[in-house]
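Below is one structure, written out as C-alpha cells; the observations come after it.
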Amino acid sequence: MPSITTPDLETKTSVITDTPWSVIIHNDPVNLMSYVAHVIRKLFGYEKKEAERLMLQVHQDGRSRVWTGGREKAEHYVRQLHGHQLLATLEKTE
C-alpha cells in the first residue's frame, strides 16, 4: 500500500486591529469658552464638569484630546466639530 503524505498545514491567524486615533480640539480666538464646552457635551456626551475641564485644557494648553477610538468614527467627530466652527484635527495615537 502506498504511503499517503499529508502536507503539514499550519494556519496562522492574526487580527489586525484599527490603530486608535484621537480627536484634538485646538484653541481659536473666535469661539467663546462656554460654546466650546457646550459642543463637547453635545457631540461626545460628557458631563458638564468634564466638558468644562476639556474646554479649559483647550484654552490653557492650546489643544485637548477629547476622544480616542477608530479612525472612521474619529473622522466623523472632526467633521461634526468643523460643522460647529471649531478647529479640530485627527491624530494617530501611539
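Here are the numbers for the structure shown:
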item: Zone residues, the range 17-50, relative to GLU75, backbone N less than 15 Å from point 7 Å out along Cα-to-Cβ; result: 18-23
item: Given charges at beta-carbon only (K, R positive; D, E negative), |dipole| of the range 48-94 in Debye; result: 100 debye
item: Sorted peptide list for 36-45, 65-74, criterion being average Cβ within 10 angstrom, highest first; result: 36-45, 65-74
item: In nm, spacing of pseudo-spin labels at ASP28 and LEU56 (7 Å Cα→C-beta vector); result: 2.4 nm
item: Computed label-point distance, nm, for sites THR89 and TYR35 using a 7 Å Cα→Cβ extension; result: 2.2 nm
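Read-outs throughout are calculated quantities, based only on the coordinates presented, and are distinct from any laboratory measurement. Just so we're clear, the structure is a prediction, and the values are computed from it rather than from any experiment. When we count neighbours, we look across all protein chains shown, and the Cβ atoms used for this are built from the backbone with ideal geometry, even at glycine.
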